[in-house]
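Participant: Before we start, here is the structure in question, set down as structure tokens.
The values are calculated or read from the model by the stated rules, or taken from the named source; none is laboratory data. Since this is a predicted model, take the numbers as computed values, not measurements. Don't worry about glycine lacking a Cβ; one is built from the backbone with ideal geometry, like all the others, and counts go over all protein chains shown. Side chains are part of the model used for accessible areas, which takes the heavy atoms of the whole protein and leaves out ligands, DNA and RNA. Shrake-Rupley method; radii C 1.70, N 1.55, O 1.52, S 1.80 Å.
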Amino acid sequence: MLLIDCPCCGLRPETEFRCGGQAHVARPEKPVDVGDQDWSEYLFVRANPRGVHAERWIHQHGCGRWFNALRDTVSDRFVETYPMGGKPKSTTTEARA
Amino acid sequence: MRRFSYRSLISEALNAHQGWQRQWRAPDPKPSYDVVIVGGGGHGLATAYYLASQHGITNVAVIEKGWIGGGNTGRNTTIIRSNYLYDESAGIYEHALKLWEGLSQELNYNVMFSQRGVLMLAHNVHDVQSFKRHVYANRLNGIDNEWLSTEECKAFCPPINISQDIRYPVMGGALQRRAGTARHDAVAWGYARGADSRGVDIIQNCEVKGIRRDASGAAVGVETTRGYIGAKRIGVVAAGNTSVVMQMAGVRMPLESYPLQALVSEPVKPCFPCVVMSNAVHAYLSQSDKGELVIGAGTDQYVSYSQQGGLHITNHTLDAICEMFPQFTRMKMLRSWGGVVDVTPDRSPIIGRTPVQNLFVNCGWGTGGFKATPGSGHVFAHTLATGEPHKINAPFTLDRFRTGRLIDEAAAAAVAH
Amino acid sequence: MAQHFRLPSGGRIDRSKPVSFTFNGSKIEGYQGDTLASALLANGVHFVGRSFKYHRPRGIMSHGSDEPSALLSVSRGPGRTDPNNRASVVELREGLVTKSQNHWPSLNFDVGAVNDLFSPVFVAGFYYKTFMWPRSFWDKVYEPFIRAAAGLGVAPDVPDADRYANRHAHCDVLVVGMGPTGLAAALAASETGKRVIVADEQAEPGGSLLHASEETIDGKPAAEWVKETLAVLDARENVILLPRTTVFGYYNHNHVAMTERVTDHVVDPKGAPRERLWQVRAGHVVIAAGSLERPLVFADNDRPGVLLAESVRVFVNRYGVLPGRKIVFATSGASAYQAAVDAKRAGAHVTISDLRLEADCGPELAKARAAGVEVLTAHTVIGTVGAKRVKGLIVAPVTGAGAIGPRRTLDCDCVGISGGWTPTVHLFSQSRGKLAYDEALDAFLPGTSAQAETTVGASHGDYDLARCLTAGYAAGAKAAGSAATARFEATPTLKGFQPVRVMPTDANPAKVRAFIDFQNDVTAKDIKLAVREGFQSIEHVKRYTTTGMATDQGKMSNMNALGIVAGQLDRPLPSVGTTTFRPPYTPTTFGALVGPARDALFDPIRTTPIHDWAVEHGAKFEPVSLWRRAWYFPKAGEDMHAAVARECKAVRDGVGVFDASTLGKIEVVGPDAAEFMNRMYVNPWLKLEPGKCRYGLMLKEDGYIMDDGVVARVAQDRFHVTTTTGGAARVLNHMEDYLQTEWPDLNVFLTSITEEWAVIAVQGPKARETIAPLVSDIDLSPEAFPHMAMREGRICGAPTRLFRVSFTGELGFEINVPADYGRAVWEAIYESGRKFGITPYGTETMHVLRAEKGYIIVGQETDGTVTPDDVGLAGMIAKAKADFVGKRSLARQDLVASGRKQLVGLFADDPSLVLEEGAQVVADPNQPIPMKMLGHVTSSYDSPNVGRSIALAVVADGRALMGTSLFVTTPGGFTRVSVVDPVFFDAKGERINA
């Protein structure tokens, strides 16, 4: 069970959280203007990296806030967590994706 | 290949078993092949076997970064069934089931396919509706699946508790009698032996580090830890690592890789006659030939390649098993482990062409790929041999995520009301 | 038998407390402090089981959790019987009933032992090569036979009489192991005041010091040091000492799992749990788990009476038991010498046969000889004599070059074997630390840590007592953030050994069976066969031969197997691979892992404020997600069909009352609430006036229907949203996700109010008259309060949000009252409605009534692949909106293609036939299989109001098929139906506006 550093509440066990998948997949401003291919990529295509992954979590059974995290998908170690809308301190390529 | 038979076994018994050959060779890679298959799991090895046996294409290499069958092939709970709802899924899983039925004889390798029946328990009205929908659809597709009353469930699987006072009472079940289990490792080894004997090179401890493309963008070979290997066609069958491999060719996939855990108990004398699955409580259970209770858990919630999940997932699965079978609380967990499963948005596989010429992919089997192994290999071999999908895998395109023509078995079991 | 092998004195057992138990029906005595193994040995019982495959006689081999052979069924009373207990870890307790396993009809005479005769055929992997002909024999003949022969003990078949507890804990330092290293670490860590937990799998703390004979620490006998150290630790409030607690799993982020055996050793547990699962989140973990002895591999090394050498020493020193009168120690290392000396002192006739050359032996040699032990150096073991008990050990001199001299049989009744030591690196490996092979120690040692962890002492390949204490102390201090060190003086430990894979033999190695994995009957030649057949990764060898897959998970066999594979391939050992250790370290009961999560605590059952009323009025219930909902209210003598028919008529003819409290409810509040609703639902919301309701339809981003429900605009900035019962949490999550991550600029707050409001639906022509006397502050007249309006006021004096809405097609109200008032208001309505024959109805009637009106239920008519247009709700979509969740996807190719399944009604030709929900629809029942399926029946009922059966279905291009005939599957075949409009009752919708 992971130990996750909620930006609001601090370290809490994973069972209080829900993972929301890849972070920084912004919903297009005007979806109707997006072509089928791009729209399907927005909906379905994910980085799924072996290594550092920017992903979203919500502290479901805590403060109820969504936030972002960088986590290594091989070791499951968290690099950092940071608020929604924020940028990570780390400078991995994935973090900027 | 020396055939296995009673005669060969007895004669070797008298010879202290000194005469058995290697079941597959350990060749060095050749400079190039007609087909290179990336991934030496059950699906990749089956693909190679059928390329050789059905299409006469034997200049084939299977490239495996570890040891063959060491990924999800050797980590799953070995459930085999074909009672899927949609025509497309029913088509491929039934194709596989038919191949399973003759597989030991075809491969001359006992994969211990045991048609002990898979019983899916219904715990609420919604389950009943959903399972009957499956039963009827299966019947019209020529797939055996029958509805059992609560009492019939008990008769088929006596350990089931049919008291109506438990948390999730049993309201009946859907039984596929032809479904069952098999010996997972033997599937990989049997296909490897069969493919090898037809000339396929199985190259272990060889990791793909890159996919080389020519000026036109077409794939022409793979860079590996054992050097460059040219290929007229490349089939990627890398399960949980598919995103990583496809990224080497610049193809981004609609996949996410999750840890999937399973466990076995200590071995005990026969006490559980079939496979029981319950969607409502998220658990499935069978007993292996060795006597271990084999129990599947759910996936963890996050992307991970660690082949390790959290204890809470295991615990919740055992909660569910012991809720259904309270007599098992004194059984002991002997071994638990994790695999990495690649999951598509509609929980159905992708088998076919990619945007890169000569590069083909077979992935996205999620938590249920083992059962499809022979069928998947068979149709993917056809696809690699002809460049065109077999009619059975034609619906499982990458393009369906653009058109919206999804094959959503999971959604079909959605619950609300 | 009366403990003939118990020594007259010594050991840590309590001789004042005799304990009796039975083994295979015979009553046997031991003492408090014995394990089953020591008590059996005290009575001369070695032969206690049969092996897995060949059913060979097997005895007690070890004193610890690595025991592969002595597995017993143990019963502590009804509902307290379980299989596969290692005799060496079960504490003796008055009245235990124990039995050997895996034999028929008896341990002594076992028919299955015939397998041993077939062992030339039954080699590794033989089953992959046979049992294939004829094909049908696998399921019917071979597999049942194999299954019956396999397995070990018998699974319990009655519910467990015990309970299990679960505890979460945090600590700064977790120390695994209470041997010398662990105790020193615990001392140092707790010195700092940090929170320390110390766990050890054994009943008594002390580890190897508990069977020390001559060893001293700081001048004191080792046992004395243990006692004093424990007293110090026990006195510290920041220390939790957990004996009988196995650390079995090391998970992510220092999440460590352990089971405490609380009451198995107690005669009267007084209601305490059997076991407790501890889930510890540790700041730092110090692993001091010791090491495991390796057996020697030679022919017939599996006879009862053959034990690990150190285990002989443990039985002698710790339990006061002599495992034999004439003991031969066969060894390739030094540690067995101390065991031999201790056994000699205890009165046994002792011989040592050491593979090592005289020159390679250390001071242990002279010491043993001085103690009167005969030592044969440079001797190999050829085999054993005996059947159900070892009678002799065949040894032969061997030169450095490998030449083997004449054999000689040493008479004996016990053999202690020692092939060296393997550090216990299981937990380190589980923590995903990288192992590194140490050639000098012939062992894998912890390399780079992956988590906040330190492995120290014998687990790190350091076997010297003083060094273990010093290193343990330093590691404990460091883990607690201190740099403190301490010096310890202790007796030197002699544990050096010469690694040997298989003992040299003059017999044909292809003919002898030298066991590697004792439980699974894997021999050295099995491993060699696997390698010959191309299985060269250790993982392949394990899977092909099953070595290391038994209940000891390779604790005894791993290094020997690895060494043989490496030797066979002539490759360095690490290149063959290491086994990745997985949890659990030792088998862990399901019960401990489940803990209290049984029955009602498995999943909580949600009930509404009106639930008890329904129980009191005889309702039958159905499970719906976590809820129990009233299904129908049968009167005496009524079956479900009769009750539902009566309820359905009552609502349409008079008035019915229904508990709709389970509906999900979300309050959407804020200046941007309407804008937010506009983006989340397909419908338009900006112009909906406060006091008005609207049916809301929600899509996922992929364009498919996700949920629906009536939404009331309570105020300009406030919406009261309802969802499906099962979808409540999902919808709130979905809304929060978009609000926080896509549109954080919107000023909106979301609150789940499902539990705040009880919801009572009063439906039927008499609904208004029923509630009118109870409602204040609201004008209920049709003009002032039309359909799809919402008013706030009071009912029975309680505040209410009163919705005039209907899921039945009748005049109806859904009365929201604070949950605490739910039952009182319900009862008042029930009283008020009596004069109109008010009828409580359940979910089944609700389903029928809405189906009569063609109203869909999300999850029944839809399944996650259905668009609004598919179910005839395209009209709900606000065409003018530029965007809402799911809109873009609705324009995808396949979602606008023809041939999609559309909602229709079906009438079976036979009006009394109720189609099966889930039945498939086809055009031609005579077509060949596989048939073309057009769709399926989603809802189907006998409708008393329509006067016949009705069904809803989704059918390809269904709206174009109105009036045509199709066929629907039935349990026996097909039945003909006609396609009709899905609204079966009051098609004009007049009643709802009454």
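Participant: Given Cβ point charges of +1 (Lys, Arg) and -1 (Asp, Glu) and nothing else, what value in debye, to the nearest 20, does the dipole of the range C:848-894 about its Cα centre take?
Facilitator: So the dipole magnitude of the range C:848-894 works out to roughly 280 debye.
Participant: Return the residues of the range C:144-178 for which accessible area with all protein chains present is lower than in the chain on its own by 20 Å² or more; set the probe to 1.4 Å and exclude ligands, DNA and RNA.
Facilitator: C:Arg147, C:Ala148, C:Ala150, C:Gly151, C:Leu152, C:Gly153, C:Ala155, C:Pro156, C:Pro159, C:Asp160
Participant: Keeping every protein chain present and rolling a 1.4 Å probe, give me the accessible area per residue for the range C:663-753 in Å².
Facilitator: Working: 2870 Å² over 91 residues.
Ligands and nucleic acids excluded, the figure is 32 Å² per residue.
Participant: If you don't mind, another one. For the range C:89-146 and the range C:1-57, what is the centre-to-centre distance using only Cα atoms, to the nearest Å?
Facilitator: Using only Cα atoms, the two centres lie 26 Å from each other.
Participant: Right, here's the next one. Just to check I understand the Karplus step: with θ = phi - 60° and J = 6.51 cos²θ - 1.76 cosθ + 1.60, what whole-Hz values come out for the range C:764-780, glycine and proline as x?
Facilitator: x, x, 9, 5, 5, 5, 5, 8, 3, x, 9, 9, 10, 6, 10, 7, 8
Participant: Taking the Cα-to-Cβ direction at C:Asp777 and at B:Ala218 and moving 7 Å from each Cα, how far apart do the two end points lie in nm?
Facilitator: Here the answer is 7.9 nm between the modelled labels.
Participant: Using +1 on the beta carbon of Lys and Arg, -1 on that of Asp and Glu, and nothing else charged, what's the dipole of chain B about the Cα centre, debye to 20? Show your work: numbers first, answer last.
Facilitator: On the way: 40 positive and 34 negative charges, 160 e Å.
That gives a dipole near 760 debye.
Participant: Beyond a 24 Å Cα-Cα separation, which of these cross-linked pairs lie in this structure: C:Lys687/C:Lys853; B:Lys30/C:Lys525; C:Lys649/C:Lys853? Intermediate results must be reported in sequence, preceding the final value.
Facilitator: On the way: C:Lys687/C:Lys853 28 Å; B:Lys30/C:Lys525 34 Å; C:Lys649/C:Lys853 14 Å.
Distance filter (> 24 Å) returns C:Lys687/C:Lys853; B:Lys30/C:Lys525.
Participant: How large is ³J(HN,Hα) for each residue in the range C:604-617, as worked out from phi by the Karplus curve 6.51 cos²θ - 1.76 cosθ + 1.60 (θ = phi - 60°), to whole Hz, x for Gly and Pro?
Facilitator: x, 9, 8, 10, 8, x, 9, 4, 5, 4, 5, 4, 5, 9
Participant: Looking at C:Val306, C:Leu322, C:Gly383, which one has the Cα that reaches farthest to the positive end of the dipole of the range C:295-419 (charges on Cβ: Lys, Arg +1; Asp, Glu -1)?
Facilitator: Value computed over the given set: C:Leu322.
Participant: Return one whole number: the accessible area per residue of the range B:196-240 in Å², for a 1.4 Å probe.
Facilitator: Values: 1800 Å² over 45 residues.
I get 40 Å² per residue for the range B:196-240.
Participant: To continue, here is another question. Over all pairs of distinct alpha carbons, what does the Kirkwood formula give as the hydrodynamic radius of chain B, in Å? Walk me through the numbers before you get to the answer.
Facilitator: On the way: mean 1/r = 0.0454 Å⁻¹.
Over chain B, the inverse of the mean reciprocal pair distance is 22.0 Å.
Participant: Same structure, new question: Out of residues 5 or more away from B:Met253 or on other chains, whose amide H comes under 5 Å of its own, with H placed 1.01 Å from N in the peptide plane?
Facilitator: For B:Met253, whose amide H was placed from the backbone, the distant partners under 5 Å are A:Arg46.
Participant: Can you tell me the FRET efficiency between C:Val980 and A:Cys63 if r is taken as the Cβ-Cβ distance and R0 is 56 Å, rounded to the nearest 0.05? Show your work: numbers first, answer last.
Facilitator: Numbers: r = 52 Å, r/R0 = 0.94.
Efficiency computed from Cβ-Cβ geometry: 0.60.
Participant: Residues of the range B:1-40 losing 30 Å² or more of accessible surface, assembly versus chain alone, probe 1.4 Å, please list them.
Facilitator: Buried on complex formation: B:Phe4, B:Tyr6, B:Leu9, B:Ala13, B:Ala16, B:His17, B:Gln18, B:Trp20, B:Arg22, B:Gln23, B:Trp24.
Participant: Here's a follow-up. Which value in nm describes the separation of the simple spin-label points at C:Gln893 and C:Arg12, placed 7 Å from the Cα toward the beta carbon?
Facilitator: That separation, rounded to one decimal, is 7.4 nm.
Participant: At the nearest 100 Å², what buried accessible area, both sides summed, do you get for A and B when the probe is 1.4 Å?
Facilitator: Details: alone 6470 and 18210 Å², together 22590 Å².
That pair of chains buries around 2100 Å² in total.
Participant: Where does each of C:182-192, B:318-328 land if you order them by average Cβ count within 10 Å, highest first? Please report the intermediate quantities before stating the final value.
Facilitator: Numbers: C:182-192: 27.8, B:318-328: 24.3.
Final packing ranking: C:182-192, B:318-328.
Participant: Have a look at the range B:299-322 and report residues whose accessible surface goes down by 40 Å² or more when the remaining protein chains are included, against the chain on its own, probe 1.4 Å, ligands and DNA/RNA excluded.
Facilitator: By number: B:Gln301, B:Tyr302, B:Val303, B:Tyr305, B:Ser306, B:Gln308, B:Leu311, B:His312, B:Asn315, B:Leu318, B:Asp319.
Participant: Give the carbon-plus-sulfur fraction of the accessible surface of the range C:884-993 in %, rounded to a whole number; probe 1.4 Å, heavy atoms of protein chains only. Can you show the working numbers first?
Facilitator: Values: 2330 of 4450 Å².
Carbon and sulfur atoms account for 52 percent of the accessible area of the range C:884-993.
Participant: How far is helix B:125-140 tilted off the main Cα axis of chain B, in degrees rounded to 10, range 0 to 90?
Facilitator: Taking Cα atoms only, the helix is inclined about 50 degrees.
Participant: How large is ³J(HN,Hα) for each residue in the range C:257-271, as worked out from phi by the Karplus curve 6.51 cos²θ - 1.76 cosθ + 1.60 (θ = phi - 60°), to whole Hz, x for Gly and Pro?
Facilitator: Karplus-based 3J(HN,Hα) across the range C:257-271 equals 10, 8, 10, 9, 8, 8, 10, 4, 8, 9, 5, 10, x, 6, x Hz.
Participant: Would you tell me the mean number of C-beta atoms belonging to other protein chains that fall within 10 Å of each C-beta in A:75-86, as a whole number?
Facilitator: Values: counts 8, 15, 6, 1, 0, 0, 0, 0, 0, 4, 3, 0.
Taking the mean over all residues of the peptide, I get 3.
Participant: Would you work out which of C:Ile516, C:Leu441, C:Val373 lies farthest towards the positive end of the dipole of chain C, given +1 charges on the beta-carbon of Lys and Arg and -1 on that of Asp and Glu, about the Cα centre?
Facilitator: In chain C, that residue is C:Val373.
Participant: Ok, one more. Under 5 Å between amide H atoms, partner at least 5 residues away or on a different chain: which partners does B:Ile80 have, H built in plane at 1.01 Å?
Facilitator: B:Gly180, B:Thr181
Participant: Of C:Arg135, C:Arg713, which has the most accessible area and how do the rest follow, probe 1.4 Å? It would help to have the intermediate numbers written out before the result.
Facilitator: Values: C:Arg135 135, C:Arg713 5 Å².
If we order C:Arg135, C:Arg713 from most to least accessible, we get C:Arg135, C:Arg713.
Participant: How large is the accessible surface per residue of the range C:884-993, computed with a 1.4 Å probe and reported in Å² as a whole number?
Facilitator: Ligands and nucleic acids excluded, the result is 40 Å² per residue.
Participant: Determine the total buried accessible area between chain A and chain C, counting protein heavy atoms only with a 1.4 Å probe; round to the nearest 100 Å². Provide the component values of the computation, followed by the final result.
Facilitator: Values: alone 6470 and 40270 Å², together 44550 Å².
What A and C bury together is about 2200 Å².
Participant: Enumerate the amide H contacts of B:Gln357 below 5 Å, restricted to partners 5 or more residues apart or on another chain; note that Pro and chain-start residues carry no placed amide H.
Facilitator: Answer set, sorted by chain and number: B:Ala219.
Participant: Given a Förster distance of 35 Å, report the FRET efficiency between A:Asp38 and A:Lys89 from their Cβ-Cβ distance, rounded to the nearest 0.05.
Facilitator: Efficiency at R0 = 35 Å is approximately 0.70.
Participant: While we're here: May I ask for the equivalent-ellipsoid semi-axes of the range C:663-753, computed as the square root of five times each C-alpha gyration tensor eigenvalue and listed largest first in whole Å? Please report the intermediate quantities before stating the final value.
Facilitator: Working: eigenvalues 58, 47, 31 Å².
Value: 17, 15, 12 Å, ordered largest first.
Participant: Let me ask you something else. Report the antiparallel proportion of the DSSP beta bridges in chain C as a percent, rounded to a multiple of 5.
Facilitator: Details: 138 of 184 bridges.
In chain C, approximately 75 percent of DSSP beta bridges are antiparallel ones.
Participant: Chain pair B, C: how much accessible area is buried, both chains summed, with a 1.4 Å probe, in Å² to 100?
Facilitator: Working: alone 18210 and 40270 Å², together 47990 Å².
What B and C bury together is about 10500 Å².
Participant: Stretched out fully, how many nm does the piece from B:Leu14 to B:Thr403 gain, at 0.36 nm a residue minus the Cα gap?
Facilitator: Numbers: separation 389, 0.36 × 389 = 140.04 nm, distance 6.29 nm.
Contour length minus Cα-Cα distance gives 133.7 nm.
Participant: To continue, here is another question. Of the options C:Pro671, C:Asn733, C:Pro744, report the single residue whose Cα projects farthest towards the positive end of the charge dipole of the protein assembly as shown (beta-carbon charges: Lys, Arg +1; Asp, Glu -1).
Facilitator: C:Asn733
Participant: Take peptides A:49-62, C:29-42 and line them up by average Cβ neighbours within 10 Å, highest first, as a rough protection proxy.
Facilitator: Ranking, from highest mean packing down: C:29-42, A:49-62.
Participant: Given R₀ = 35 Å, FRET efficiency for C:Asp653-B:Glu152 by Cβ-Cβ distance, to 0.05?
Facilitator: Working: r = 39 Å, r/R0 = 1.13.
Taking R0 as 35 Å, the efficiency between C:Asp653 and B:Glu152 is 0.35.
Participant: Compute, for chain C, the length of the dipole vector about the Cα centre, with Cβ point charges of +1 (Lys, Arg) and -1 (Asp, Glu) only. Units Debye, rounded to 20. Intermediate results must be reported in sequence, preceding the final value.
Facilitator: Values: 106 positive and 111 negative charges, 438 e Å.
Its charge dipole is roughly 2100 debye.
Participant: Round to a whole number: what % of the accessible area of the range C:14-122 belongs to carbon and sulfur, probe 1.4 Å? Working shown, then result.
Facilitator: On the way: 2120 of 3550 Å².
Looking at the range C:14-122 in its full context, I get 60 percent from C and S.
Participant: Which pairs, out of C:Lys635/C:Lys766; B:Lys290/C:Lys542; B:Lys98/B:Lys391; C:Lys27/C:Lys344, put more than 19 Å between their alpha-carbon atoms?
Facilitator: Numbers: C:Lys635/C:Lys766 22 Å; B:Lys290/C:Lys542 14 Å; B:Lys98/B:Lys391 16 Å; C:Lys27/C:Lys344 30 Å.
From C:Lys635/C:Lys766; B:Lys290/C:Lys542; B:Lys98/B:Lys391; C:Lys27/C:Lys344, over 19 Å: C:Lys635/C:Lys766; C:Lys27/C:Lys344.
Participant: Do the sum for the protein assembly as shown: with -39,500 (n - 2.57) for every DSSP H run of n ≥ 4, divided by all residues, what is the mean residue ellipticity at 222 nm, to the nearest 500 deg cm²/dmol? Walk me through the intermediate numbers first.
Facilitator: Values: 35 runs with 326 residues, N = 1508.
Result for the protein assembly as shown: -6000 deg cm²/dmol, rounded to the nearest 500.
Participant: On a 0 to 90° scale, report how tilted helix B:42-55 is relative to the longest principal axis of chain B, with both axes built from alpha carbons and the result rounded to the nearest 10.
Facilitator: Tilt of helix B:42-55: around 60 degrees.
Participant: Now for a different question. Considering only chain B, what is the antiparallel percent among its DSSP beta bridges, to the nearest 5?
Facilitator: Values: 44 of 64 bridges.
DSSP beta bridges in chain B are roughly 70 percent antiparallel.
Participant: Summarise the accessible area of the range C:663-753 (1.4 Å probe, protein heavy atoms) by the percent that is carbon and sulfur. Before the final figure, lay out each step's value.
Facilitator: Values: 1510 of 2870 Å².
Carbon and sulfur: 52 percent of the exposed surface of the range C:663-753.
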